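Since the structure comes first, as structure tokens, the remarks are kept for the end.
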């Protein structure tokens, strides 16, 4: 079949064979790597077990329980004494750690203080006129007067009839107090007629 193929098809078939060879080689390499990793893991596990056994044999000698009650009591007293010494060491170490952390905190606070990072006080708002602000910024060079209100035109407002009526009415509470009760109603009828 390959003899009757076009040259482009032959190249494709050859490329196909190369791809198969490359993938087969990858799979072979992957399996070899997995085998090596599995042997390394087994070695690591056996090494850890041997280290554990060595440590236990050094630090924890095998326990020989005597047959008599007095010997067992003596063994218990020894174990309790060892536990007490271990607890004392633990307590001493905790105190040392607490003391060192306290010293570290104090040193950090001193460092913070030396750097000068303090909280800024809240600033108050100060009212200044434009003249005062220019005088503060420019000092003695300030000669221009910035009185803006002096430059405004004075406009006289004419009273309209509605505004005059509103001023004449006055406070609405007075009107209600006057109109409350029988005398107020009497006044209303008199004013209407």
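The values are calculated or read from the model by the stated rules, or taken from the named source; none is laboratory data. Worth saying up front: this structure is predicted, and the values here are computed from it rather than measured. Neighbour counts are summed over all protein chains in view; Cβ atoms, including those assigned to glycine, are modelled from backbone coordinates with ideal geometry.
The residue list 51, 87, 58, 94 contains one member that is at pLDDT 85 or above and exposed (fewer than 10 other Cβ atoms within 10 Å of the Cβ), which is 58. Close contacts from the stretch 59-88, counting a first residue that is touching a residue at least 60 places away in the same chain (Cβ under 8 Å) and a second that is surrounded by 10 or more Cβ atoms within 10 Å (Cβ to Cβ) and part of a loop (DSSP other than H, G, I, E, B), with Cβ to Cβ under 6 Å and a gap of 6+ residues or different chains, come to none at all.
Selection within the stretch 1-14: residues that are assigned to a helix (DSSP H, G or I) and surrounded by 10 or more Cβ atoms within 10 Å (Cβ to Cβ). The member of this set that is modelled with the highest pLDDT is 14.
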